[in-house]
Amino acid sequence: MSYCSNSHGGDGGEVRASHILVKHQGSRHKASWKDAEGQVIRNTTRDSAISQLKAFRDEIVSVKSKFEDIASRSSDCSSANHAGELGQSLSSYNSEFNHKNIYLLSRGNEKCC
């Protein structure tokens with residue numbers, strides 16, 4: 001489960017995407033940089049992952065925390081080293097799912113998926 005955000009140029013050209021990934025029991029790979037053995041991930045339900053993401057979103061929207069800080073501290077993705085930023089080319093995240101979500105985000109939306 002991930003909470004995504006984006007920024008883009010007003011002309012619709014450049015799109016930069018960032019996300020916070022919370023892995024759970026149903027995740028394909030049950031390990032991450034912060035849980036190498038996957039012990040926490042194996043004990044995290046999908047509903048719990050969604051609850052965590054919603055809490056992160058609430059913190060960000062209420063300006064209690066910055067997206068970058070939460071991503072760096074809490075994301076299971078290695079993009080945490082870059083404050084959750086996936087970059088511009090997104091070649092390492094080349095999937096139809098991600099491109100579709102990034103396109104939707106480029107319209108100025110946020111998504112919890």
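Throughout, read-outs are computed from the coordinates displayed, never taken from laboratory work. Note that the structure is a prediction, hence the values are computed from the model and not measured. Cβ atoms come from the backbone with ideal geometry, glycine included; neighbour counts cover every protein chain shown.
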**Asked** Of GLU59, GLU37, how do they rank once you tally other Cβ atoms within 10 Å and put the fewest first?
**Response** GLU37, GLU59
**Asked** Under the Karplus relation 6.51 cos²θ - 1.76 cosθ + 1.60, θ = phi - 60°, what is the ordered set of whole-Hz ³J(HN,Hα) values for the stretch 36-46, x standing for Gly and Pro?
**Response** 4, 8, x, 5, 5, 4, 5, 9, 9, 7, 4
